[in-house]
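Heads up, the thing below is written out as structure tokens.
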Amino acid sequence: MSPDIMRKVDYWIGIPLAWCVTLWYKLQRALGLKNPRYQEPPKRVLFIELAEMGSTILAYPAFRKFRELYPEAEIYFLVFRQNAPTADLVDLIPKQNVLTIDSSNPWRFFLGTIGIILKTRRLGIDTVVNLEMFARYSTILSYLTGARKRAGFYRFFNEGLYVGDFLTHKVPYNPHIHTAQSFITLVRSLAEDQSDVPLGKFSVQDDDLSLPVIRPNTNEQSRVWEILRDAAPHISQKHTIVILNPNASKLIEVRRWPIGRYTDLAKKIVQERPDTYVVVMGSASERAEAETIVSACASDRVLNLAGKTTLMELVHLFSVADVLVTNDSGPAHFASLTPIHIMVFFGPETPKLYKPLSKNATILYSWFACSPCVSVHNQRRTPCTANKCLGAIEVEEVYKKVSSLLDTKA
């Protein structure tokens, strides 16, 4: 299903369903059932993070914090099927504990939802941490799993953002701290006194946001160089490599730096730096668009690897490359698991919330008065049809930063 259809389903079906679940929950409470003060420590927790691939990486510190607090508990992770490979990058979740829902069409989505409800009840899930921000679907699902503890973001006195009233651990959403800190807050709320409203009266330190570094072994490095040499037989480890990611999730396509700018950047890099190769990355469905950049450059040092790697091979490619220039999208966060220098364009969204958790991240941001224009408060929709905030970032500015990073590594 397209993002717009999912938003409409979440609104038109989600609101009345959330109201009905709230009514049922309140009735059970009135009858002395469903005590929200259930104090048993989690034994089987389900994290829900469905739609955004990069958010799996931002959630890593929260997974780790949960493991620190509850070392004996078993962790499960629910994600849309097309995003499931991201779970392979998180070493805290066993592969067999990754649950998926096929969202490719409404019928499969409905059947998948029923299947997950039945499966989580069979598994005996007792705790749900809903990482989705004010999504009614995932909030309702957290209740239908049968979990006694349900942590999620709650609106309190905010207008709109209605998700019902059946969370047991209600955490206010703070748009002034990094998303990874918000995720940790959800986890830590499970250990807080529920009578101390609102939950989250503690600080989350920057040290809590560190990520592991994925370092490919000899065979994995050899595979990456095999892929590179298939596209460019003369490339070697003495060359520097700049990766361009001109794509962004369909959820918010306005996050893209103009593709013509990527083309001009690639041309300038190969013209000015004869020792540098440029790799254009993307999924198989994005290969044709990547080819427009490669064709326009007319250089054997500009390679199209869109659709040529698995997700793990892409991460290993980041490990052997020098610089990644990318839109605000999943690959920026995947790259934060490697030592590569990351340059990320921000405009419709803010780096304050979504900056990659890497010490080697450089943010490209124009600080327009209208930016950011998408947030949880507008269902991440924007009326903008001309992202001038990104268009204001010139090729020359980006090239100078790329060149400086390459010179530093030389």
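For region 196-213, filtered to residues that are in a loop (DSSP other than H, G, I, E, B) and among the charged types (D, E, K, R), the residue that is nearest to Pro339 (Cα to Cα) is Lys201.
For region 83-111, how many residues are surrounded by 14 or more Cβ atoms within 10 Å (Cβ to Cβ) and without any contact (Cβ under 8 Å) to a residue 24 or more places away in the chain? Matching residues across region 83-111 total 6.
For region 1-87, the helices (runs of 4 or more DSSP H) that sit wholly inside it and include 2 or more residues that are over 20 Å from the mean Cα position of the chain (by Cα) and within 22 Å of Trp107 (Cα to Cα) are 3-12, 14-30. Quick check: is even one residue across region 166-175 closer than 21 Å to Thr338 by Cα and under 20 Å from the mean Cα position of the chain (by Cα)? Checked against the condition, which is being closer than 21 Å to Thr338 by Cα and under 20 Å from the mean Cα position of the chain (by Cα), region 166-175 yields no hits at all.
Suppose we keep only residues that are hydrophobic (A, V, I, L, M, F, W, C), at pLDDT 95 or above and part of a loop (DSSP other than H, G, I, E, B) within region 221-256. Which one would you say is farthest from Thr408 (Cα to Cα)? Ranking the qualifying residues of region 221-256, first place goes to Ala232.
Please indicate, with yes or no, whether at least one residue in region 199-220 is farther than 19 Å from Lys34 by Cα and in contact with a strand residue (DSSP E or B) (Cβ under 7 Å, 6 or more places away or on another chain). Checked against the condition, which is being farther than 19 Å from Lys34 by Cα and in contact with a strand residue (DSSP E or B) (Cβ under 7 Å, 6 or more places away or on another chain), region 199-220 yields at least one hit. Going by what's in this entry, would Leu161 be described as under 15 Å from Ala18 (Cα atoms), in a loop (DSSP other than H, G, I, E, B), of a type in the set (A, V, I, L, M) and in the same structural domain as Glu49 (by TED's automatic domain parsing)? Judged against the criteria, Leu161 is a match. Note on region 164-205: residues that are at pLDDT 95 or above and among the small types (Gly, Ala, Ser) amount to 4. In region 262-285, the residue that is nearest to Met53 (Cα to Cα) out of those that are within 26 Å of the chain's Cα centre (by Cα) and surrounded by fewer than 18 Cβ atoms within 10 Å (Cβ to Cβ) is Ser283.
One residue stands out among those in region 200-241 that are under 30 Å from Phe156 (Cβ atoms) and touching a residue at least 24 places away in the same chain (Cβ under 8 Å): the one that is surrounded by the fewest Cβ atoms within 10 Å (Cβ to Cβ), which is Asp208. Quick check: is even one residue across region 174-194 in a strand (DSSP E or B) and of a type outside the set (A, V, I, L, M, F, W, C)? Scanning region 174-194 turns up no residue that is in a strand (DSSP E or B) and of a type outside the set (A, V, I, L, M, F, W, C). For region 265-281, indicate whether the set of residues that are among the small types (Gly, Ala, Ser) and without any contact (Cβ under 8 Å) to a residue 24 or more places away in the chain is non-empty. Among the residues of region 265-281, not one is among the small types (Gly, Ala, Ser) and without any contact (Cβ under 8 Å) to a residue 24 or more places away in the chain, which makes the answer no.
The values are calculated or read from the model by the stated rules, or taken from the named source; none is laboratory data. In this text, all values refer to a predicted model and were calculated from it rather than measured experimentally. Counting neighbours? That spans all protein chains shown, and the Cβs are built from the backbone with ideal geometry, glycine included.
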